[in-house]
Structure formats: structure tokens, C-alpha cells
Amino acid sequence: MEKERFQVLDGWRGLSILFVLTCHLLPVGPAFLHINNALGKLGMVLFFTLSGFLVTHFLISRPNVVDFLIRRFLRILPLAWLYILVALLLNPVSRDAWMAHLFFYANYPPKPLIDVTDHLWSLCVEMHFYLGLALIVSLFKKKGLMLIPIICLFITMLRVIYTQYYNVVTHFRVDEVLAGATLALIYNRQLGNELIKFLSKVNYVYILLLLFIACHEDTGFMNYFRPYLAATLVGATLFNQKTRLTKVLEHKWLFYIASISYALYVIHPLMASTWLGSGDTIEKYAKRPLLFAVVFLMAHISTFYYEHPVMAWGKTASKKFKMLRRE
């Protein structure tokens, strides 16, 4: 299962980071339409859905908590901590803010995130999800994963009770990750076959339209359906790979963008805060091609020459740890 790869999911990951970069770096439509904001939400909900799916799929096939945490931490921490170090040295903050950044609780009040680290709220949500999932598996073993749909609905109920259409605090946002985790349970036939039949027949065009509406700040209650529409959309392409959309998602360029997507996400705000993102409107957007080129180059270098070696070391360390436990 370790070598299993979902091409359509790579495509969605590539699209999700393109949506986020577009939201942050390019103007899309008249400002009063708030399309940039909707694209950002769309990119993030897809990212969270994919993360929830892949992590839970891994644990279903290999419910080893130590192995899971080693791999996840070594995927997130090396680049995140390096970025935090550089960003906060260039933009001095208090000791408490340093701690909140380094230990990933900066998405909670008083939310000490600054302009170049504001996007790291999503890594806080991710880390909380990893730790929560690890705790569930530690306590209840593999069968504990069946709690995921219940917790997901509970989080959405909290959002409804407190009227939270969009919030970066984990307990008002993690349902987007949990919906993807629920999709993994469906994929692995842990929730029966009826949902698989539904997802294999659903029209992805309608779901994509509804999802975009649910990502718009002016649609109110529709925002509560965002996690479930995203999981349905991804599931529709996962269970029916004979559509035009799946052919697009399997394109090699989207696969490449997906492979460097984490570095693209982490790095781009700091690059945009430099000379590359400065100037009046005309000058700033005239520099955008150069900014994109630099961000992609740095993401490529980070992914293949920094992150991958660390992850390879982590896999080796995990295997050695398992061998020592057997002895």
C-alpha cells in the first residue's frame, strides 16, 4: 500500500495550490465579487480533503502510530520550522509568539501570526488532526477510525451553533480534513457499498459548482456544506475515472506541481514580501511572472534537495525502530 499512488488526487493537489497562489498573488475579477477569497477557500478545502484521505488511508492499511507520526512530522516540520526561523528573524516577535509558531497553536487566540506567517494556520490544523488521529488509534486501535464521521458531524454542528462559516481555529475548521478522512473509510469499504455507488454516479460538474458557491463568503449557510461537497467532488473523480476531468487531473504538469505543492504553499508569502512583491499596482503585477518563477524554483529545490532527503531518512529511522521493537 505504501507505493500506491492516486493520480487524480495528485491532480487535485496541483489544482488546490494553484487556486491558493491565485488567491494570494493575482487579482481575479472585480474586487466586489470576492472571487479571490472564494478561490482561496476552494484551494484549502481541497487540500484538507486530500490530506485527510491520504493520512487515514495510510492508517487503515498500516495502523502503526509511531511510524505514522515519524513520517508526518518529518513531512511537515523541516520546511515549516526553517521557514518560521527565517520569517521571525526577519520580523521579530515576542517569545510567546515564537512558541505558538514552533509548536503549532498559533491559530488560536490571541493568534500571534504575522503577515508572512498568517498562512501557517493551516499547518496548525493539520498537526492537531495528526495528533488527534494518533490518539484515537492508540486508544482504540484501527476500529477507532470509525469515530471519524461522528467527530466530523460534531465539528460541523459546532460551526452551525456558533455561526462559523469560515474560521481558522481547529475546532471550527477540522471538519474539512475529517470529511476527507471519511472518504478514505468509504474508499476502503469501511462504511458499506452504497456510498461508493453514489460517488461513482454523481455528476462532478454540479458538485464543483455547488462547492464554489459554498466557498463564497456571501452564501451564508452553504459554507457549512463545504467539507462534504469537497469530499464528494474528490470521491466522484476517484470512483469514476472515465470522465474528461480525470484526464485533466492526470496531466504530468499537475503531478509535478503537486509534488512541490507543500513548498509552494509554505514559501510564497515570504517571497511576496520582498522586492519581488513591492511597488504600486502596475509595478507589482509586472513583477508577478518573476515572483512565480522564483517561488517555483525555490519550491523545487526545497522539495527535492531538502525535504525528500529528510523524509527518506525518516522512513529509514522508522524501519529501524520497528526492527528494534521486534527484537
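Rule-based calculations on the coordinates, nothing more; no lab input. Small disclaimer: the values here were computed from a predicted structure and weren't measured. Quick reminder, even Gly has a Cβ in these numbers, built from the backbone with ideal geometry, and neighbours come from all protein chains shown.
Listed by position, the helices (runs of 4 or more DSSP H) enclosed by the range 1-110 that each have at least 1 residues that are farther than 30 Å from residue 147 by Cβ and of a type in the set (Asp, Glu) are 95-102. Under the condition of being under 16 Å from residue 61 (Cβ atoms) and surrounded by 16 or more Cβ atoms within 10 Å (Cβ to Cβ), the residues counted in the range 135-146 number 3.
Can you name every residue in the range 22-46 that is more than 20 Å from residue 173 (Cα to Cα) and buried (at least 22 other Cβ atoms within 10 Å of the Cβ)? Residues satisfying the conditions do not exist here. Figure legend. Inter-residue proximity from the range 10-28: first residues under 17 Å from residue 251 (Cβ atoms), second residues not acidic (Asp, Glu) and not in a helix (DSSP H, G or I), beta-carbon distance below 8 Å, spacing 6+ or different chains. Indicated pairs: 11/251. Given (1) crowded, with 16+ Cβ neighbours inside 10 Å; (2) in contact (Cβ under 8 Å) with a residue 40 or more places away in the chain; (3) under 14 Å from residue 9 (Cβ atoms), where does residue 228 come up short, assuming only one miss? Exception for residue 228: condition (3).
Number of residues in the range 277-295 that are under 24 Å from residue 259 (Cα atoms), in contact with a helix residue (DSSP H, G or I) (Cβ under 7 Å, 6 or more places away or on another chain) and surrounded by 14 or more Cβ atoms within 10 Å (Cβ to Cβ): the value is 4. How about the range 47-102: which of its residues are surrounded by fewer than 17 Cβ atoms within 10 Å (Cβ to Cβ) and of a type in the set (Gly, Ala, Ser)? Those that are surrounded by fewer than 17 Cβ atoms within 10 Å (Cβ to Cβ) and of a type in the set (Gly, Ala, Ser): 61, 94. If you filter the range 251-264 down to residues that are out of contact with any helix residue (DSSP H, G or I) (no Cβ under 6 Å at 6 or more places or on another chain) and either without any contact (Cβ under 8 Å) to a residue 24 or more places away in the chain or not small (Gly, Ala, Ser) (or both), you find that the one that is nearest to residue 114 (Cα to Cα) is 262.
Residue 147 satisfies every condition listed in (1) of a type outside the set (Phe, Trp, Tyr); (2) in contact with a helix residue (DSSP H, G or I) (Cβ under 9 Å, 6 or more places away or on another chain); (3) in contact (Cβ under 8 Å) with a residue 24 or more places away in the chain except (3). Restricting attention to the range 216-228, the residues being touching a Phe, Trp or Tyr at 6+ places or on another chain (Cβ under 9 Å) and not basic (Lys, Arg) number 8.
Listed by position, the helices (runs of 4 or more DSSP H) inside the range 219-311 whose residues that are within 17 Å of the chain's Cα centre (by Cα) and not acidic (Asp, Glu) number at least 3 are 226-239, 252-259, 261-272.
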